[in-house]
Amino acid sequence: IDVVPDGMIMRHFEVPGAGGFLTSTRGGGATSLFPQGETGEYFSDLAECVEKAKYYIANESERRRLVERAHSKVASEHQYTDRARQILGLLGECR
C-alpha cells in the first residue's frame with residue numbers, strides 16, 4: 001500500500017461537516033476533493049487570503065452556496081464510517 005501525504009488535514013472535513021466556511025492554503029488533496037469556487041476556497045499568500053475574506057464577507061449568498069455544497073459532500077462521502085470502510089478495505093488488500 002502506497003500512501004503519499006497530500007496536505008489534507010481533518011480541518012478540511014470538520015469545518016464543512018459542521019456547516020462552516022473554510023478557506024485554506026492552496027495545494028494538495030484539498031483542492032481536488034473540494035474544488036475552488038464549487039465547494040472550497042483557497043489562497044496562496046496573505047494578500048489573497050485577505051482579498052478572499054473580504055469578498056466572502058460581502059457576498060453572503062455565494063459563501064452560503066459553497067458552505068451548502070461542501071457540507072453535502074462531507075455528509076454523503078466523508079464520514080468516519082466511510083474512512084473506516086476504506087481502512088478495512090486496505091487492510092484486506094494486505095492479506
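Out of curiosity, is SER72 under 19 Å from GLY7 (Cα atoms), open to solvent by 40 Å² or more (accessible area, probe 1.4 Å) and not aromatic (Phe, Trp, Tyr)?
So SER72 does not fit the description; no.
Since TYR56 meets every condition but one in (1) among the hydroxyl-bearing types (Ser, Thr, Tyr); (2) touching a residue at least 12 places away in the same chain (Cβ under 8 Å); (3) open to solvent by 70 Å² or more (accessible area, probe 1.4 Å), which condition does it not meet?
So TYR56 meets the others, but not (3).
Checking the conditions here, which among THR31, THR81, THR23, THR39 is crowded, with 16+ Cβ neighbours inside 10 Å and without any contact (Cβ under 8 Å) to a residue 12 or more places away in the chain? Reasoning before the result, please.
Values: THR81 fails: crowded, with 16+ Cβ neighbours inside 10 Å; THR23 fails: without any contact (Cβ under 8 Å) to a residue 12 or more places away in the chain; THR39 fails: without any contact (Cβ under 8 Å) to a residue 12 or more places away in the chain.
Going through THR31, THR81, THR23, THR39 in turn, just one is crowded, with 16+ Cβ neighbours inside 10 Å and without any contact (Cβ under 8 Å) to a residue 12 or more places away in the chain: THR31.
The values are calculated or read from the model by the stated rules, or taken from the named source; none is laboratory data. Note that this is a predicted model, so its numbers are computed, not measured. All Cβ positions, glycine included, derive from the backbone under ideal geometry; neighbour counts span all protein chains shown. For the accessible areas, the whole protein counts, side chains as well, though only heavy atoms, and no ligand, DNA or RNA atoms are used. Shrake-Rupley method; radii C 1.70, N 1.55, O 1.52, S 1.80 Å.
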